[in-house]
Amino acid sequence: MDWNDMNGTLTVEIVSASTADMMTAVVNAGVRLRDVYEVDLLTVRACVAREEYHQLKRILKKRGESCKQIAKTGVYWKLRHWLHRPVLVTGFLILFFASLYLPTRVLFVQVEGNDTVPAHQILEKAETCGIRMWASRAEVRSEKMKNRLLMSIPQLKWAGINTKGCTAVISVIERQTAPEEIHTAAPKRIVAARDGVVEDITVTKGFPLCKVGQAVAKGQVLVSPYTDCGISIKITDVEAEIMAVTSREVCVKTMFPTVLKGEINEEVLSVSIVIGKNKIKLCKGSGNCSGVCDKIYTENYLKLPGGFHLPVGIITERTLCRETESRDMFWQADDSLVQSLAEGYLNNEMVCGRILSKNTKVHYGPNGLLMEGKYSCLEMIGKLQDEEIVLYEQRG
């Protein structure tokens, strides 16, 4: 590749009545033509350097001959063509500088080897120590950075920071805590957590003191750690599952709404950009309505292949403003929600239990309703309790 190919070359077609005289005049003027060949008796096609094209055109115009461009070759014309496409050139430059800059920076941080210490706690402390997005890979791998991380988290015995591409991997080893001594000198027993009728008994350790169909009271011993072997009394651990039919009472009170939701009269859209911990709002409105409103909050963060999330996202918040309406005479209260809440509460309170039957009464008042319910449940009533040991016994 010579200088003409770099600087740019034009392929021209010259029409002349005397091609020989034209060539002689062009050469005498100092214009160099390359790859000259005759198209026909009046037409010649040749290549001329870009900076000599205007001089050639002036000579041919003075002689009354015509010149027409056929093609443009060379690096100059390609670069000039790219300059007319600024988006493409800008994208190419961004990719070029990103390929040089991004490998020296940390974009993602991961934690491995942790068991008891939460990963988010390690990431939070690592950020305060300088292990964060856009941190230098050389500084992250330093011994100083590792020591600062160990000092901020006493539960860690060792930490190592390695980089894989743009990802910093924090490998940790937690300190081994000495296992707590289990004091087995004090035996345990299983007592009834509440009143009920025993439905099923499964005893794997200990001596049962109740049977199926027996009514037990709260605090009554159901399984004892003592087993009478005749000539001796054996003390063992207790382990059993005792299911009983119990009775529970629940009282729930709720207030009636003072106003009701009406039709949607306005919709407000709020958009914000999140960069790291900074939030930039793109609208001036507060998004608050004078009446009743519904809000829909959506977060969308940039994702890369491999499950990596960039700390850059868009938050949209739609606010649906509604008109308020007062209760009229045709409005009726719904007690199904109250009943479902009461049943959910019972299911959370019971240990491995379920509701067998129920008897509920709903009382409507001027401002609310009161529900009284009696539930028959099948649940596990056994719970562990320390066995009473008499250290000193006074004798009369």
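The values are calculated or read from the model by the stated rules, or taken from the named source; none is laboratory data. The structure presented is a predicted model; accordingly, all values stated were derived computationally and were not measured. Positions of Cβ are generated from backbone atoms using ideal geometry, with glycine treated the same way; all protein chains shown enter the neighbour counts. SASA here: full protein model, heavy atoms, side chains in, ligands and nucleic acids out. Shrake-Rupley method; radii C 1.70, N 1.55, O 1.52, S 1.80 Å.
Would you list the strands (runs of 3 or more DSSP E) that sit entirely within the range 195-241 and hold 1 or more residues that are under 30 Å from Ser376 (Cβ atoms)?
Numbers: elements: 196-205, 221-224, 226-228, 233-235.
Passing ranges, in order: 196-205, 221-224.
Please tell me if Leu378 is assigned to a strand (DSSP E or B), at pLDDT below 90 and open to solvent by less than 40 Å² (accessible area, probe 1.4 Å).
Values: assigned to a strand (DSSP E or B): yes; at pLDDT below 90: no; open to solvent by less than 40 Å² (accessible area, probe 1.4 Å): yes.
Against the criterion (assigned to a strand (DSSP E or B), at pLDDT below 90 and open to solvent by less than 40 Å² (accessible area, probe 1.4 Å)), Leu378 does not qualify.
Looking at the range 115-138, is at least one residue surrounded by fewer than 13 Cβ atoms within 10 Å (Cβ to Cβ), small (Gly, Ala, Ser) and in a helix (DSSP H, G or I)?
Within the range 115-138, one or more residues are surrounded by fewer than 13 Cβ atoms within 10 Å (Cβ to Cβ), small (Gly, Ala, Ser) and in a helix (DSSP H, G or I).
Report, by residue number, each residue of the range 333-362 that is of a type outside the set (Ser, Thr, Tyr), more than 42 Å from the chain's Cα centre (by Cα) and open to solvent by less than 90 Å² (accessible area, probe 1.4 Å).
Val362
Out of the residues in the range 225-262 that are hydroxyl-bearing (Ser, Thr, Tyr) and in contact with a Ser or Thr (Cβ under 7 Å, 6 or more places away or on another chain), which is farthest from Ser340 (Cα to Cα)?
It comes out as Thr227.
Within the range 257-280, track down each residue that is farther than 30 Å from Pro366 by Cβ and among the charged types (D, E, K, R).
Selection gives Glu266, Glu267, Lys277, Lys279.
Considering the range 341-378 alone, what residues qualify as being in contact with a Gly (Cβ under 7 Å, 6 or more places away or on another chain), touching a residue at least 24 places away in the same chain (Cβ under 8 Å) and within 30 Å of Val259 (Cα to Cα)?
Ala342
Which is under 60 Å from the mean Cα position of the chain (by Cα) and open to solvent by 80 Å² or more (accessible area, probe 1.4 Å), of Glu38, Glu51?
Numbers: Glu38 fails: under 60 Å from the mean Cα position of the chain (by Cα).
From the options Glu38, Glu51, the qualifying one is Glu51.
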